[in-house]
Structure formats: C-alpha cells, structure tokens
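Contents: one structure, followed by commentary.
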Amino acid sequence: MAKIKYYYNTETCKYEPIRATKKALFLNVFGFVVISLAMALGIIYVYRSNFTPIKESALRAENHELKLNWGILNQELQTAYDHVEELQFKDDHIYRVILDTEPIPSTIRQGGTGGHDQYAALVNQNLEDPALVLTAYEKIDDLKKKLYIQSKSYDQVSELLTEKEKIWASRPAIQPVNNKELKRIAGGFNPKRFHPILKKILPHEGIDFTADIGTPVYATGDGTVTAAYRSTTYGNVIFINHGYGYQTRYAHLHDFNIRNGEPVKRGQVIGYVGNTGRSQGPHLHYEVLYKFKAIDPINFFQRDLDNEEYEKVIELSRKETMPLDY
Ligand SMILES: [Zn+2]
C-alpha cells in the first residue's frame, strides 16, 4: 500500500494529506522509467567499451594465432619451393648436360596452373584474409606438380645413366700395356706409311707397344671376344667387340688368356706380349676400330694416365716412326 504523505496547512493549522494529481503521478513514474533506462544503457555502453566477453576474446586470440601460423606455413612452403627449383636447375644444367641430353622444357616444368575456380568455395567463405590461405593452397598444388615432373625426370636420368655407364665401360679407354712396362712406342698410327722393305704404301692402322715377351696385355674396355686365333700376318690375335660401334685388336701375342666368345672387362688380362706372325721384335700391335674403320688409339688413353704419363706416350709415339710389323 502506498504511503500517504502529509503537509502542514497553516490556514487550518492541521496536517492534511497531499493529494497528487494524475498528471503529476504520470510524470513521476515516466521520469523514473526514463532515468532508469538511461542509466542501464550507460552501464551497458561503459561495459562493452571496456570489457570484451571472455568467449569473444578467446576467439580473437585464436584467430590471431591462426593467421600467424598460416603466415609461417607460407614461408615454409616457399622454402620447399626454392629447394625444388634448385633440384630442377641441377637436373637441367648439370645431370642432363653430363648425360648429353636436353633439359625438360619449361612449359612442362610449369604445368597448368588450374585457375582460381577450384578455390571458389574457399573464397566464398568470406575469410578475413583469403589471400593468406589461397596462396598456401596454390603453392601446395604447384609443388605437387613440380615434384611429380621431377620424379619422372629422375627416372629418365637414371635410365640414361645406366645406359651411359655401359657405353663408358665399353669404350676402349685405357692403354693395353702398363706404362711402367712399356719400353717405347715403335710405331704410331699412320694410314699413309711407306714401307721401306716392301717399297709400297702400307697403312699402319694401330700403335706398336714394345715390351718384353710375356708382359700382360689388358682388354681396354668391356666387351666380348669375337676372335682369338693364330693369323699368318697378325700372329696370335684377339678381336674384341665393345658394342656401340667399337672394336679392338691385339696382335703378335705370345699367348692367350681368354677364349673366343668370352665376355671381358676393362683391365682384364687377355694375353701376353709376343713376337708371332709378321713381327720384327717383341711388341703388341693394338688397333681401335669405330664402325669397322681404324682410328688412332692415342685418343683413347687419357683415362688411366696422368699428364706426365700421357706426355710420355705422345713423345714416344712421335719419336719412333717405324712399326715392328709388316
Ligand atoms: Zn703394328
């Protein structure tokens, strides 16, 4: 029940109840409601300005962390990207150059970009910083393509290398007589040799290595013995087919160490220096043929000789011009 307020009436000298009008009463209540509402709004405004709700604050912190991590992820992807580009460079400019083959065309290396359509769903998510996420996805896609092409390229390089190893191993690339046991080179390669005894042009299509009878003779490259027999001119002679167009011949041998049809490895002892056939003294007559045509064997000795030894061989071959076979 509302309290009744009184006032002192000086005219009647009595306390009389205050009778409020309806208007005054309404204004009173309305004023109270307005002031209360204003105070409530003021409190909410001050609170929101100074205090973030705990849940929202946690989400903001998480969002900040996520953006930070996406940034780091992009940096790491860039590092991986740079490494792949280094591998591509080595592949194109070192491995493929050594193997004498063409680099992978840049159009194949770059591949298709795939466009932005595949990321439409991502963009439509209305992310705060879509470029951050988009860049990472694009880099990952690009990396996957580059790595796939690089792995295929390595498969090809590996096959080429295996083939090249076979070619290199087969090539007649060493001296058939050890340089330490070599006394001299009696006659060099000379397609226009005039023979002093026979008085006619008689090409000397090999090199004569003078060494003692019984000095080991080595196969100069991997291959297969296609002939090992006694010839009236060559004496005991061995023919080796190295494949890829190369053949070698070893003549005037004292003895054989292999049989016809036998596979041989570079550096394997196949026979011994002798003085058989049309020979004027103990020596090895050595020939290199490419596509059935004799070529100068001097060009094939680099692999097992140091500079000094190589110069010695060149000097020996220049000094002596008279072959020991005829
Ligand atoms: Zn000769």
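The values are calculated or read from the model by the stated rules, or taken from the named source; none is laboratory data. The structure displayed is predicted, hence computed values, not measured ones. Glycine gets a Cβ as well: all are built from the backbone with ideal geometry, and neighbour counts include every protein chain shown.
So here's what we get for this one:
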item: Among (1) in contact with a Phe, Trp or Tyr (Cβ under 6 Å, 6 or more places away or on another chain); (2) more than 16 Å from the ligand (Cβ to nearest atom); (3) not aromatic (Phe, Trp, Tyr), the one test that GLY277 misses; result: (2)
item: Subset of the stretch 214-232 that is out of contact with any Asp or Glu (no Cβ under 8 Å at 6 or more places or on another chain) and within 16 Å of the ligand (Cβ to nearest atom) - its residue that is farthest from ALA169 (Cα to Cα); result: THR232
item: ALA80, sole failed condition from (1) modelled with pLDDT of 90 or more; (2) more than 30 Å from TRP168 (Cβ to Cβ); (3) surrounded by fewer than 11 Cβ atoms within 10 Å (Cβ to Cβ); result: (3)
item: Scan of the stretch 280-301 for residues that are buried (at least 19 other Cβ atoms within 10 Å of the Cβ), away from the ligand (no atom under 11 Å from the Cβ) and under 20 Å from SER231 (Cβ atoms), ordered by number; result: PRO282, VAL288, LEU289
item: Evaluation of ILE174 against (1) in a helix (DSSP H, G or I); (2) under 31 Å from the mean Cα position of the chain (by Cα) (one fails), failing number; result: (1)
item: Cross-chain or 6+ apart pairs with Cβ under 8 Å, the stretch 86-101 first and part of a helix (DSSP H, G or I), then charged (D, E, K, R); result: GLN88/ARG109; GLN88/LYS146; ARG96/GLU102
item: Criterion (surrounded by 10 or more Cβ atoms within 10 Å (Cβ to Cβ), within 30 Å of LYS145 (Cβ to Cβ) and among the aliphatic types (A, V, I, L, M)) met by exactly one of LEU27, LEU59, LEU68, LEU41; result: LEU68
item: Test set (1) within 22 Å of LEU324 (Cβ to Cβ); (2) surrounded by 16 or more Cβ atoms within 10 Å (Cβ to Cβ) - VAL264 fails condition number; result: (1)
item: Filtered residue count, the stretch 248-274, keeping only those that are away from the ligand (no atom under 16 Å from the Cβ) and either over 16 Å from ALA211 (Cα atoms) or within 46 Å of the chain's Cα centre (by Cα) (or both); result: 16
item: Only one of GLY206, GLY221, GLY188, GLY235 that is within 15 Å of GLU287 (Cα to Cα), more than 45 Å from the chain's Cα centre (by Cα) and crowded, with 19+ Cβ neighbours inside 10 Å; result: GLY235
item: Pairs, first acidic (Asp, Glu) and modelled with pLDDT of 95 or more in the stretch 270-296, second in a strand (DSSP E or B) and within 13 Å of the ligand (Cβ to nearest atom), C-beta under 7 Å, six or more apart; result: GLU287/ARG249; GLU287/ALA294
